[in-house]
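Derivation of every value follows stated rules applied to the coordinates shown; laboratory data play no part. Quick caveat: nothing in here was measured; it's all calculated off a predicted structure. Note that we place each Cβ from the backbone using ideal geometry, even for glycine, and neighbour counts take in every protein chain shown.
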Amino acid sequence: MLFGPMLEEAPGLLVQPYWVLVAIVQFGLLFFLLQRFLWGPILRTLRARAERIREGLDAAEAAKREREQMTQEVERLLGEARREAQAIAERSTKAAEDAAAAIRAEARTEGDRIRERARTDAEQLHRQALAELRSEVASIAVLAASRILGKEVDASAHKTLIERSIDEAGGELGRSDN
């Protein structure tokens, strides 16, 4: 009956200072224990987690910056490689064109040289053929003159005279052709 007389005496809400003091002490003790053994470790865990998250965000930001730098570096290197490849292609094309022009010039020079040699050879053969023809004509003329005259004619004197006559006739023929 510990509580019985109190309940019977108080028809309304009754506040007893002892129990209020006990409740405050219990609440303070519970608050101290929670703060000491539960709140501290929870806060440390939350702070450590927040720090790991911050570090992760910083690392992600650093990785993003590094990726952007790498992308820029790759773009720069690709552009440089493209320019270098274009320059190499242009140099190769120019070298090929220069080589082709040199080969054409060399072929033209060689052709001119061969034509000149052929012309020189043809002129020389023409002169030789004319000389042989003159000699033959002179020999035939001396032989014909000796048969007509019926005696031996001095071949060397007549040959010289006939060759001179042929040269004069050839000169007149050359002037009339022009």
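Find the eigenvalues of the gyration tensor of the Cα atoms of the range 16-116, then list the square roots of 5 times those eigenvalues as equivalent ellipsoid semi-axes, largest first, in whole angstrom.
Numbers: eigenvalues 1742, 10, 3 Å².
Semi-axes, largest first: 93, 7, 4 Å.
Taking neighbour counts of Cβ atoms within 10 Å as a proxy for exposure, in what order, fewest first, do 159, 94 appear? Please report the intermediate quantities before stating the final value.
On the way: 159 18, 94 10.
Ascending number of Cβ neighbours within 10 Å: 94, 159.
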